[in-house]
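The values are calculated or read from the model by the stated rules, or taken from the named source; none is laboratory data. Being a predicted model, the structure only gives us computed values, none of them experimental. Because the Cβ atoms are built from the backbone with ideal geometry, glycine has one as well, and the counts that use them run over all protein chains shown. Surface accessibility is based on the protein's heavy atoms, side chains included, excluding ligands, DNA and RNA. Shrake-Rupley method; radii C 1.70, N 1.55, O 1.52, S 1.80 Å.
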Amino acid sequence: MKDSILTQVPVLILGPVTIVLLSFGMIPLSYLWITLVMWILISGFGIAVGYHRVFSHKTHTLPKWKENIILFFSIFAAQGSSIFWVAVHRGYHHRGADTERDLHSPIIHGILKSWLTWHYKLPANFSLKYAADLLRKSNHMWFHNNYKRILYGVPFLVALVNWQVAMMMFCLPAFIGNVQDNTINVVGHLKLIFGYRNFETKDHSYNQPLIALFTWGQALHNNHHHDPMSFNFGKKWWEIDPSLIFLPFLK
């Protein structure tokens, strides 16, 4: 259940190390395209689309082979298995948004816990039951049980061939994705400068359209809390949800 605790620490260390190595020329800048591609596949396709829209909110029903592709790439985000992620999102965030139950509400628990430390302070009664449908699916259970083997094993095998590629392919995009998604926990529930609400929801969710451009639409948070089963988080013409580029794969 606390797999995110064990997997985020190496990412938070190796991500900045990769940036330092890039800045000192120990990793070629030309390898940045590898990070870009993997960020799209891990953060956009894996987390924003897979974990969030498809698995947490059931926006689409996919054949098992498509689920498996999503599950594979999402593991390298180092945010836990699909079962863990969905249980947190459904059972603790949406079920009690901006209440004591919400593990990462900046309104209730403060910005630091919302942004990072909630991972390391899960409640004693934390339960995976909120992902009960995924617990009944053999492919999700397989990736859940083999989560750490895949997360550490695949990058290790790539590193045996080229350690620079491994760091740019896994460490840096995972670090960027974690910073990005943890930031959504904060800015999605604070007005800040450009935040606004289209809908009067029971929580403190806000839309941040500029940030949404770089976070796969996730910062259109008020729209999402109003209509969580909608794949497109944008409701106004200026609210752009980049995750729409993955719709052809889902259909």
Matching entry among F84, F73 (being under 26 Å from H144 (Cβ atoms) and open to solvent by less than 10 Å² (accessible area, probe 1.4 Å)): F84
Among the candidates A159, A166, residue that is touching a Pro at 6+ places or on another chain (Cβ under 6 Å), among the aliphatic types (A, V, I, L, M) and more than 30 Å from L103 (Cα to Cα): A166
Selection count, the stretch 228-239, where residues are closer than 24 Å to H93 by Cα and either of a type in the set (S, T, Y) or surrounded by fewer than 17 Cβ atoms within 10 Å (Cβ to Cβ) (or both): 2
Residue tally, condition at negative phi and in a loop (DSSP other than H, G, I, E, B), over the stretch 69-118: 15
Selection count where residues are in contact with a Phe, Trp or Tyr (Cβ under 7 Å, 6 or more places away or on another chain) and of a type outside the set (S, T, N, Q), scope the stretch 213-238: 5
Residues being open to solvent by less than 50 Å² (accessible area, probe 1.4 Å) and either of a type in the set (D, E, K, R) or over 25 Å from the mean Cα position of the chain (by Cα) (or both) - total across the stretch 10-27: 2
Options N178, N139; residue that is under 24 Å from I108 (Cα atoms), in a helix (DSSP H, G or I), out of contact with any strand residue (DSSP E or B) (no Cβ under 8 Å at 6 or more places or on another chain) and open to solvent by less than 40 Å² (accessible area, probe 1.4 Å): N178
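Among the candidates L210, L250, L244, L172, which residue alone is surrounded by fewer than 22 Cβ atoms within 10 Å (Cβ to Cβ) and either within 30 Å of G153 (Cβ to Cβ) or touching a residue at least 60 places away in the same chain (Cβ under 8 Å) (or both)? Explain how you work it out, then say what you get.
Details: L210 fails: either within 30 Å of G153 (Cβ to Cβ) or touching a residue at least 60 places away in the same chain (Cβ under 8 Å) (or both); L244 fails: either within 30 Å of G153 (Cβ to Cβ) or touching a residue at least 60 places away in the same chain (Cβ under 8 Å) (or both); L172 fails: surrounded by fewer than 22 Cβ atoms within 10 Å (Cβ to Cβ).
Sole residue among the options that is surrounded by fewer than 22 Cβ atoms within 10 Å (Cβ to Cβ) and either within 30 Å of G153 (Cβ to Cβ) or touching a residue at least 60 places away in the same chain (Cβ under 8 Å) (or both): L250.
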Condition check for T183: in a helix (DSSP H, G or I) and either among the β-branched types (V, I, T) or under 21 Å from A97 (Cα atoms) (or both): yes
The lone exception for L190 - which of (1) open to solvent by less than 50 Å² (accessible area, probe 1.4 Å); (2) farther than 30 Å from S23 by Cβ; (3) free of Cβ contacts under 8 Å to residues at least 60 places away in the same chain it fails: (3)
